[in-house]
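The values are calculated or read from the model by the stated rules, or taken from the named source; none is laboratory data. Note that this is a predicted model, so its numbers are computed, not measured. Neighbour counts are summed over all protein chains in view; Cβ atoms, including those assigned to glycine, are modelled from backbone coordinates with ideal geometry.
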Amino acid sequence: MSTREITLDTLPAVVAENDIVLLDFWAAWCGPCRMFAPVFERASAAHPDIVFGKVDTEAQQQLAGVFGITSIPTLVAFRSGIVVFAQPGALPATALDELIAAVRALDMDEVRAQIAAQAKDEQGAEAVR
């Protein structure tokens, strides 16, 4: 599967309907973005079960703002609707493959339990204040 353009309007459905979604936040004027683009495209061909989305930060400024994008390229990974990775910087192909393997290997029940525990801790800290 090739990469697809993601917008503020299309993102919710893409994330809801797919187990793993990788987003590449980029801009045409960004040299590192242009260097990372073929790596991302090759990975999309090698992993047809994953959605590889491209977010043009110039055209989708509001979406970039939602994610707090301050440096590009930035890669964001969703698994089962949860952001499990977000980091700026162009990854080499081997690092992207390792990230994909790590996202696939996540125990999502454990991830959800950690999120719930963190929310509970935050509520407790808020009650103490």
Residue that is surrounded by 12 or more Cβ atoms within 10 Å (Cβ to Cβ), touching a residue at least 60 places away in the same chain (Cβ under 8 Å), under 17 Å from residue 3 (Cβ atoms) and in contact with a helix residue (DSSP H, G or I) (Cβ under 6 Å, 6 or more places away or on another chain), where the choices are 52, 78: 78
Any hit, the range 112-129, residues being farther than 17 Å from residue 32 by Cα, of a type outside the set (Phe, Trp, Tyr) and surrounded by 13 or more Cβ atoms within 10 Å (Cβ to Cβ): no
Count - residues of the range 11-39 that are in contact with a helix residue (DSSP H, G or I) (Cβ under 8 Å, 6 or more places away or on another chain) and over 22 Å from residue 62 (Cβ atoms): 2
Enumeration of residues in the range 5-14 that are surrounded by fewer than 20 Cβ atoms within 10 Å (Cβ to Cβ) and either assigned to a helix (DSSP H, G or I) or in contact with a strand residue (DSSP E or B) (Cβ under 6 Å, 6 or more places away or on another chain) (or both): 5, 11, 12, 13, 14
Only listed residue being assigned to a helix (DSSP H, G or I) and either in contact (Cβ under 8 Å) with a residue 40 or more places away in the chain or of a type in the set (Ser, Thr, Tyr) (or both), chosen from 44, 2: 44
Selected residue (criterion: farthest from residue 77 (Cα to Cα)) from residues of the range 18-43 that are buried (at least 20 other Cβ atoms within 10 Å of the Cβ) and in contact with a Lys or Arg (Cβ under 9 Å, 6 or more places away or on another chain): 26
Residues of the range 83-129 that turn out to be assigned to a loop (DSSP other than H, G, I, E, B) and over 15 Å from the mean Cα position of the chain (by Cα), as a count: 3
Residue in the range 62-72 that is surrounded by 12 or more Cβ atoms within 10 Å (Cβ to Cβ), touching a Phe, Trp or Tyr at 6+ places or on another chain (Cβ under 9 Å), assigned to a helix (DSSP H, G or I) and at pLDDT 95 or above present: yes
